[in-house]
Amino acid sequence: MKKTYRNTLLFATLAILAAAYTSCKVSIPNGATAVKPFDQDKYLGTWYEIARMDFKFEKNLKSVTATYSKNDDGSIKVDNKGYDMVKKKWKQSIGKAKFVKGNDEARLKVSFFGPFYAGYNVIEIDKDYQYALIAGNNLDYLWILSRTKQIPDGVKANYLKKAKDLGYQTNDLVWTIQD
């Protein structure tokens, strides 16, 4: 009986560790490549969310922005804000991002919850750093960002094509209201 209990406890512990590892996994979708070379200083500042794959943390949000700035330790402060149209109040999440490899490749890991990180991969950006296409760990996470509240139709079409070619269900994108 004691051996069975110990085996059950060991199995449960391993299952918890495996789940924690999987939830922290930092990756990039198959076929996607992060922008390289990448200039983090040009990327810093405020971006407007144009579109996103919806998920619970951004459900019902409009006027969504992401502001990036340098922390003293070399990481990047991530300040996400949006207005919850149902609760009628502003929502803010502050986290940090770190480069997965060197800071000349736009593969980052972002955390809003302690030691848990997720992939943040800039997979397309224009030469002036005005528009960006961001992929998460997998095909469930995608963002289109702009320095202004709108994006030119040509850029939008190119980003949608690239996302679709990678396997994203672009019809599922939520187009963020920016007012």
Within region 156-165, identify whether any single residue is out of contact with any Phe, Trp or Tyr (no Cβ under 9 Å at 6 or more places or on another chain) and closer than 22 Å to Asp72 by Cβ, and answer yes or no.
no
Which of the residues spanning region 104-130 are in a loop (DSSP other than H, G, I, E, B), modelled with pLDDT under 95 and at negative phi?
Pro115
Of Ile94, Ile177, Ile134, which residue is of a type in the set (Val, Ile, Thr), outside any helix (DSSP H, G or I), crowded, with 19+ Cβ neighbours inside 10 Å and at pLDDT 95 or above?
Ile134
Does region 59-91 hold any residues that are acidic (Asp, Glu), surrounded by 13 or more Cβ atoms within 10 Å (Cβ to Cβ) and closer than 20 Å to Asp39 by Cα, and which are they?
Asp79
Just checking, does region 152-173 include any residue being over 13 Å from the mean Cα position of the chain (by Cα), under 22 Å from Pro29 (Cα atoms) and part of a strand (DSSP E or B)?
yes
With respect to Leu173, determine if the residue is of a type outside the set (S, T, N, Q), closer than 16 Å to Val35 by Cβ and touching a residue at least 24 places away in the same chain (Cβ under 8 Å).
no
Selection from region 97-119 of residues that are crowded, with 18+ Cβ neighbours inside 10 Å and touching a residue at least 60 places away in the same chain (Cβ under 8 Å):
Val100, Ala106, Arg107, Lys109, Tyr117, Ala118, Gly119
Identify, please: which residue in region 139-155 is out of contact with any Asp or Glu (no Cβ under 8 Å at 6 or more places or on another chain) and buried (at least 18 other Cβ atoms within 10 Å of the Cβ) and is, among those, nearest to Phe57 (Cα to Cα)?
Tyr141
Here the residues within region 72-95 that are among the small types (Gly, Ala, Ser) and within 16 Å of Phe55 (Cβ to Cβ) are Gly82, Ser93, Gly95
Would a scan of region 40-57 turn up a residue that is over 15 Å from Trp143 (Cβ atoms), surrounded by 14 or more Cβ atoms within 10 Å (Cβ to Cβ) and modelled with pLDDT of 95 or more?
yes
Among the aromatic types (Phe, Trp, Tyr), buried (at least 20 other Cβ atoms within 10 Å of the Cβ) and closer than 20 Å to Gly45 by Cβ: is that true of Tyr129 in this structure?
no
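The values are calculated or read from the model by the stated rules, or taken from the named source; none is laboratory data. Quick caveat: nothing in here was measured; it's all calculated off a predicted structure. FYI the Cβ positions are ideal-geometry reconstructions off the backbone, even for glycines, and counts take in every protein chain you see.
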